[in-house]
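Trainee: Starting off with a structure, shown below.
The values are calculated or read from the model by the stated rules, or taken from the named source; none is laboratory data. Only a predicted model underlies this, so the values are computations on that prediction, with no experimental measurement involved. Quick reminder, even Gly has a Cβ in these numbers, built from the backbone with ideal geometry, and neighbours come from all protein chains shown.
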Amino acid sequence: MPKPEEESLQLAGEGAGGPDVILDFIFDDGLLFIAVQNIGDKPAYKVAVQFDKPFRGVEGTRAVSELPLFRNIEFLAPWKDIVTFLDTSASYFRRGEPTRITATVSYRDASGRKHAAAITHDLEIYRGIGYVRKTGDQTASCECGAENY
């Protein structure tokens, strides 16, 4: 039996039918969100996300990369996601926040085996995307994701 420090680490997505946890950035009508998602068929345990660099959101008022959400999710059901608001795209880009971010997602399956994956996102793809701001049933304005693109 291997010692705890010799535990094998399985790359995420290798085990068919098991948990498969990812982190995704979502752009929706000029708003940026971060989602921790179990896209697998089995639950994931002790989910943690580590970012390669810090970043702030909510108009620069929150260290989003350091939220407790990313430190430990004890249980993440199959096909479940947890989504948090990051910022408006205009605000995020205006402040010069990082656009190339690597998130290392680690978790365990039901047998206790460790899984991990590094996922790199390039938020630059969202800069300059036009979107329509809506208020109720009326279109309020047409905007662009950042002034300088």
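Trainee: Scan region 87-103 for residues that are in a helix (DSSP H, G or I) and hydrophobic (A, V, I, L, M, F, W, C) and jot them down.
Mentor: We begin by selecting, within region 87-103, every residue in a helix (DSSP H, G or I); these are 89-94.
Correct list: Ala90, Phe93.
Trainee: Scanning for something of a type in the set (Lys, Arg) and either exposed (fewer than 15 other Cβ atoms within 10 Å of the Cβ) or farther than 26 Å from Gly128 by Cβ (or both), does region 85-97 turn up at least one residue?
Mentor: Within region 85-97, one or more residues are of a type in the set (Lys, Arg) and either exposed (fewer than 15 other Cβ atoms within 10 Å of the Cβ) or farther than 26 Å from Gly128 by Cβ (or both).
Trainee: Just checking, which of Ser106, Ser111, Ser91 is out of contact with any Phe, Trp or Tyr (no Cβ under 8 Å at 6 or more places or on another chain), of a type in the set (Gly, Ala, Ser) and farther than 17 Å from Pro43 by Cα?
Mentor: Of the residues listed, the single one that is out of contact with any Phe, Trp or Tyr (no Cβ under 8 Å at 6 or more places or on another chain), of a type in the set (Gly, Ala, Ser) and farther than 17 Å from Pro43 by Cα is Ser91.
Trainee: Which numbered condition trips up Lys42, out of (1) in a loop (DSSP other than H, G, I, E, B); (2) modelled with pLDDT under 95; (3) more than 30 Å from Arg133 (Cβ to Cβ)?
Mentor: (2)
Trainee: Further question on the same structure: Somewhere in region 125-146, is a residue modelled with pLDDT of 95 or more and touching a Lys or Arg at 6+ places or on another chain (Cβ under 6 Å)?
Mentor: First, pick out the residues of region 125-146 that are modelled with pLDDT of 95 or more: 125-126.
This time we only want the ones that are touching a Lys or Arg at 6+ places or on another chain (Cβ under 6 Å), so: none.
No, every residue in region 125-146 fails to be modelled with pLDDT of 95 or more and touching a Lys or Arg at 6+ places or on another chain (Cβ under 6 Å).
Trainee: Cβ-Cβ below 8 Å, separation at least six or inter-chain, first residue in region 52-79 and closer than 15 Å to Ser106 by Cα and charged (D, E, K, R), second modelled with pLDDT of 95 or more and exposed (fewer than 13 other Cβ atoms within 10 Å of the Cβ): which pairs?
Mentor: So the pair list comes out empty.
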